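What follows is calculated from the coordinates using simple rules that are stated; it is not laboratory data. This structure is a prediction, so every number in the text was calculated from the model and none was measured. Cβ placement follows ideal geometry from the backbone for every residue including glycine, while neighbour counts extend to all protein chains displayed.
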Amino acid sequence: MSPSLVLAQAAEESGWATSRFTVEGNAYFGQWDFSGKGMKPRQQRKALGNYGVAQFDTPLESVEGYLLNLNTSNAYQ
């Protein structure tokens, strides 16, 4: 994956780093979390289950989580 595509997706997903998830949880890619540890959306879509948005200690951890997700999930083959 090209660095420019990663940066473009981070900008889009995070509202140019202004979203609540990015500001409070370093979540640059909006990755969902079903473990119960994610940040809850203010208006959760109940039909989609009990989910949150994955949160990270640093922006780098968010990028690492995103790349791990892309490289290990069958959905992105």
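Data for the structure
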item: In the range 32-75, the residues that are within 13 Å of residue 6 (Cβ to Cβ) and not hydrophobic (A, V, I, L, M, F, W, C); result: 59, 62, 64, 65, 66, 69, 71
item: Any hit, the range 49-58, residues being in contact with a Ser or Thr (Cβ under 7 Å, 6 or more places away or on another chain) and within 22 Å of residue 75 (Cβ to Cβ); result: yes
